[in-house]
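See below for the structure under consideration.
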Amino acid sequence: MPEVLVAECPECGAEIEVTDVIEGEIIECPDCGVELEVRSLNPFVLELAPQEEEDWGE
Amino acid sequence: MPEVLVAECPECGAEIEVTDVIEGEIIECPDCGVELEVRSLNPFVLELAPQEEEDWGE
Amino acid sequence: MIVVKIGGSEGINLDLIADDIAALAKGGQQMVVVHGGSAETNRVAEALGHPPRFVTSVSGYTSRYTDRKTLEIFEMVYCGKVNKGLVERLQRRGVNAVGLSGLDGRIFEGPRKAVIKVIQNGRRMVLRDDYTGKVERVNVDLLRLLLDNGYLPLLTPPAASYDGEAINVDGDRAAAAVAKALGAEQLIILSNVPGLLRNFPDESSLIPHIPRGQVESAMDFAKDRMKKKVMGAAEALDAGVRRVVFADGRVEHPIQKALAGQGTVIE
Amino acid sequence: MIVVKIGGSEGINLDLIADDIAALAKGGQQMVVVHGGSAETNRVAEALGHPPRFVTSVSGYTSRYTDRKTLEIFEMVYCGKVNKGLVERLQRRGVNAVGLSGLDGRIFEGPRKAVIKVIQNGRRMVLRDDYTGKVERVNVDLLRLLLDNGYLPLLTPPAASYDGEAINVDGDRAAAAVAKALGAEQLIILSNVPGLLRNFPDESSLIPHIPRGQVESAMDFAKDRMKKKVMGAAEALDAGVRRVVFADGRVEHPIQKALAGQGTVIE
């Protein structure tokens, strides 16, 4: 059984369970759909993903 | 017995025998003392070594 | 005034290009040259045990993930080996070239993208230590100062962020920015293909001409890296550059042929 | 006007030097900086599998055997990594630095030694493919053009031969040539020792002062690489530079301390 990581969505408070994620990865809250960034795995910390400036294709 | 290389001194015509030399090495003619450069080993070619410009220590 | 962009991909013949620049410069043609160095950078990065990593932005553009170590390798190749190799070729042909990066005198200046979102191995990621950005301002005064005193500016990324940090920017769009800033008549982009190809890599599918209005549609043909080149061209044309030509950097007199319309002409 | 030479050896603190340059430049001090990069070049050459080879000239000077491959690595480190790393540090501190090699605009120009005689592994050898030479002319017009327009020139080898080839030249003597050409009052040479040491590497054996006339005798103390530095100093003084200071490049405010006479002062 892969390790299940659990944290609260900083936007809507819903409980989020994930397995296969790495640091810096972007996931969406299954409840409110907001974009979250995996800031660290141990402890498992989720934060609102930063707004991306318009994409320049640089 | 290391291989003996033989050539004529381009300056004084003396026969020069050498063993342990490599390409680009400078040797002196045992007869007239002029500086010679080993231009190639096979065939064994000796030429007058170029005059060095004043040494700049660069 | 013309601006010439020399691509960094394999197969481009720097000696033939240098011959052509020398011929044109001696003929009185005012010119600024911008060059890349991506292929060489990949080789050196591998050799130094820091293989290049490319990331694809959410809207599908690929760019080099430029962390601090990569930036140094990037500078070694772009500003060291390639830039000075070209300066030497031009000096030996009697052209008084001056090689500069965008950092020098802030010739290329623009915002650094502090955070970018990319797709990496199928995962959507936030990248923070990526030294990448874009060119918003060109130091035209310094370029004019050099041009008016008989020097040929030979420019290369990186650029300077507004805080003065080195940032990796796309060479083609930097060249377009230079063409705009100097009010150049033509922007010539040399690469290792004859021009824009309808179906890459079939060189017979060259698109000879694209009216300015249809540039956006040309984007569909453009393969990944070519997309950025076409974006650069569109920007240059919008800013008053009369003509952009994508031409072959592997042949003799590549610039003169491009000026004569050989390749993909956009106007 | 002062000329500052930043050595390329280990231990030199580029951030402290950049702080000091920024403080002086903002105080109105006109300056040209020349830098080296030997330690870093050795590291990169090893990593790229082309380890550095040093040759000793018949009269006992060591220099880097600079074949074509070495020249490219030399350019990658001097003109790429080190030069742009310093330009970035200065730009971030609000100094509008412009990084240039001696090839650019032929800022450093001089003869290439086509043939040199050296001692290699005990054998006296003729070396033909050595891209080495010395600086005989400095493009003062270009330096003045930049200085008068608010830019700080940050210079590095290689130089240009009269045929426009890239040639490896000694950074210290290039700095001396710049000091002479610009009529600078002082030449500050920063390295990883407090100055000229009577018995290297004992840092307490610092020689605080050497009158111009006794410089030749100072050569006896000078260790191998230091010999060239002292030769450069002597040349600068002969050409009217009022004062040369060998100072420590590892401390805070290294240039201001040197200007205040800390290190080995020769005048």
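The values are calculated or read from the model by the stated rules, or taken from the named source; none is laboratory data. This structure is a prediction, so every number in the text was calculated from the model and none was measured. FYI the Cβ positions are ideal-geometry reconstructions off the backbone, even for glycines, and counts take in every protein chain you see. Accessible surface areas use protein heavy atoms only, side chains included; no ligands, DNA or RNA. Shrake-Rupley method; radii C 1.70, N 1.55, O 1.52, S 1.80 Å.
Where does the protein assembly as shown land on Rg/Rh, using Cα atoms and the Kirkwood Rh?
1.04
Assuming a viscosity of 1.567 mPa s and a temperature of 4 °C, what translational diffusion coefficient in µm² per second does Stokes-Einstein assign to the stretch C:15-142, Rh being the Kirkwood radius over Cα pairs?
The calculation lands on 78 µm²/s.
Tell me which residues come under 5 Å, amide H to amide H, from D:K5 once H is placed; ignore anything under 5 positions away on its chain.
D:V34, D:I188, D:I189, D:L190
Just to check, using Stokes-Einstein with a Kirkwood Rh over alpha carbon pairs, what's the diffusion coefficient of chain D at 10 °C and 1.306 mPa s in µm²/s?
This corresponds to a translational diffusion coefficient of 86 µm²/s.
Provide the buried accessible surface between chains C and D in square angstrom, both chains summed, 1.4 Å probe, rounded to the nearest 100.
3000
Using r as the Cβ-Cβ distance of C:V140 and D:D202, and R0 as 56 Å, what FRET efficiency do you calculate, to the nearest 0.05?
0.55
Please identify the helices of chain C, taking whole runs of DSSP H, that span at least 15 Å along their own axis as judged from the Cα atoms and have a mean Kyte-Doolittle score of -0.5 or higher.
C:14-26, C:171-182
Along the stretch C:199-214, what does the Karplus equation 6.51 cos²θ - 1.76 cosθ + 1.60 (θ = phi - 60°) give for ³J(HN,Hα), rounded to whole Hz, x for Gly and Pro?
10, 4, x, 5, 5, 7, 8, 4, 8, x, 8, 9, x, 3, x, 9
Checking the cross-link filter: which aspartates and glutamates have an alpha carbon closer than 17 Å to that of C:K69, excluding same-chain neighbours under 8 positions apart?
Result set, ordered by chain and number: C:E40, C:E46, C:D129, C:D130, C:E165, D:E40, D:E88.
Based on Cα coordinates alone, diagonalise the gyration tensor for chain B, multiply each eigenvalue by 5, take square roots, and list the semi-axes in whole Å, largest first. Please list the in-between numbers first.
Details: eigenvalues 93, 41, 17 Å².
Semi-axes (√(5λ), whole Å): 22, 14, 9.
Just to confirm the numbers: D:E136, label point 7 angstrom along the Cα-Cβ line, distances to the other copies in nm, shortest first?
5.0
How do D:E46, B:E35 stack up against each other in accessible area, from largest to smallest, with a 1.4 angstrom probe?
Descending order: D:E46, B:E35.
Please give the residues from the stretch D:110-131 for which the solvent-accessible area of heavy atoms, probe 1.4 Å, is smaller by at least 30 Å² with all protein chains in place than with the chain isolated.
Those are D:K113, D:V115, D:K117, D:R123, D:R124, D:M125, D:V126, D:R128, which lose 30 Å² or more relative to the chain on its own.
Just the number, please: percent antiparallel of the DSSP beta bridges in the protein assembly as shown, rounded to the nearest 5.
55
Please list, ordered by chain and number, the residues whose modelled amide H lies under 5 Å from the amide H of C:Q120; skip anything fewer than 5 residues away on the same chain.
C:M125
Suppose we take every Cα in the stretch C:202-263 and form the convex hull; what volume per residue is that in Å³?
Hull volume normalised by residue count: 93 Å³.
Test of understanding: in a Gaussian network model of chain C with alpha carbons linked when under 10 Å, which of C:Q120, C:Q186, C:Q91 would top the mean-square fluctuation ranking?
Fluctuation is largest for C:Q120.
Can you list, shortest first and in nm, the gaps between the label point of C:R92 and those of its counterparts in the other copies, using a point 7 Å from Cα in the C-beta direction?
3.7
Over the heavy atoms of B:C32, what accessible area does a 1.4 Å probe trace out, to the nearest 10 Å²?
Rounded to the nearest 10, the figure is 60 Å².
State, as an integer percentage, the relative contact order of chain D based on alpha-carbon contacts under 8 Å between residues 6 or more apart. Provide the component values of the computation, followed by the final result.
Details: 597 pairs, mean separation 62.1, N = 267.
Reported as a whole number, the value is 23 percent.
Rounded to the nearest 10 Å², what accessible area does D:H50 have for a 1.4 Å probe in the complete protein model?
Accessible area of D:H50: about 50 Å².
Using the Karplus curve 6.51 cos²θ - 1.76 cosθ + 1.60 with θ = phi - 60°, work out ³J(HN,Hα) for each residue of the stretch C:115-123 in order, rounded to whole Hz, and write x for Gly and Pro.
Listing the rounded values in order: 10, 10, 9, 9, 10, 10, 6, x, 9 Hz.
Any idea what the relative contact order of the stretch C:171-267 is, in percent, if you count C-alpha pairs under 8 Å spaced at least 6 apart?
Reported as a whole number, the value is 41 percent.
Which entries in the list C:K5/D:K134; C:K81/D:K134; C:K228/C:K257 go over 28 Å, if you measure between the two C-alpha atoms of each?
Pairs exceeding the cut-off: C:K5/D:K134.
Projecting each Cα onto the charge dipole of the protein assembly as shown (Lys/Arg +1, Asp/Glu -1 at the beta carbon, about the Cα centre), which of C:S57, D:A247, C:A181 comes out farthest on the positive side?
C:A181
Between C:R92 and D:F54, what is the label-point separation in nm under the 7 Å Cα-to-beta-carbon projection?
2.9
May I ask you to give the solvent-accessible area per residue for the protein assembly as shown, in square angstrom, as obtained with a 1.4 angstrom probe?
Heavy-atom SASA per residue in the protein assembly as shown reads 39 Å².
Can you report the principal axis dimensions of the stretch C:69-146 using only the alpha carbons, biggest first, rounded to whole angstrom?
Result, largest extent first: 52, 26, 17 Å.
Just how far, in whole angstrom, is the stretch C:57-73 from the stretch C:125-168 if you go by their alpha carbon centroids?
Between the Cα centres of the stretch C:125-168 and the stretch C:57-73 lies a distance of 17 Å.
Note down the magnitude of the dipole of the stretch D:151-267 about its Cα centre, charges +1 on Lys and Arg C-beta and -1 on Asp and Glu C-beta and zero elsewhere, to the nearest 20 debye. Kindly include the intermediate steps, with their values, before the conclusion.
Working: 13 positive and 15 negative charges, 41 e Å.
Its charge dipole is roughly 200 debye.
Would you grab the residues whose amide H sits under 5 Å from the one on D:L206? Only those 5+ places off in sequence or on another chain, please, with H modelled 1.01 Å from N.
Amide H neighbours of D:L206, under 5 Å, 5+ apart: D:R198.
Can you list the cysteines of the protein assembly as shown that have no other Cys Cβ under 4.7 Å away?
Among the cysteines of the protein assembly as shown, those whose Cβ sits 4.7 Å or more from every other are C:C79, D:C79.
Please work out how much accessible surface C:Y78 shows to a 1.4 Å probe, ignoring ligands, DNA and RNA, in Å² rounded to 10.
20
Could you sort C:R242, C:R43 by accessible area so the largest value comes first, with the probe set to 1.4 Å?
C:R242, C:R43
Size of the dipole of chain D about the Cα centre, Lys and Arg at +1 and Asp and Glu at -1 on the beta carbon, nothing else charged, in debye to 20?
400
For D:S59, place a label point 7 Å out from Cα along the Cα→Cβ vector, do the same in each other copy, and report the separations in nm, one decimal, smallest first.
6.5
So what's the Cα pair-distance distribution over the stretch C:156-244, bin width 10 Å, in %?
Result, from short to long distances: 17, 45, 29, 8, 1 percent.
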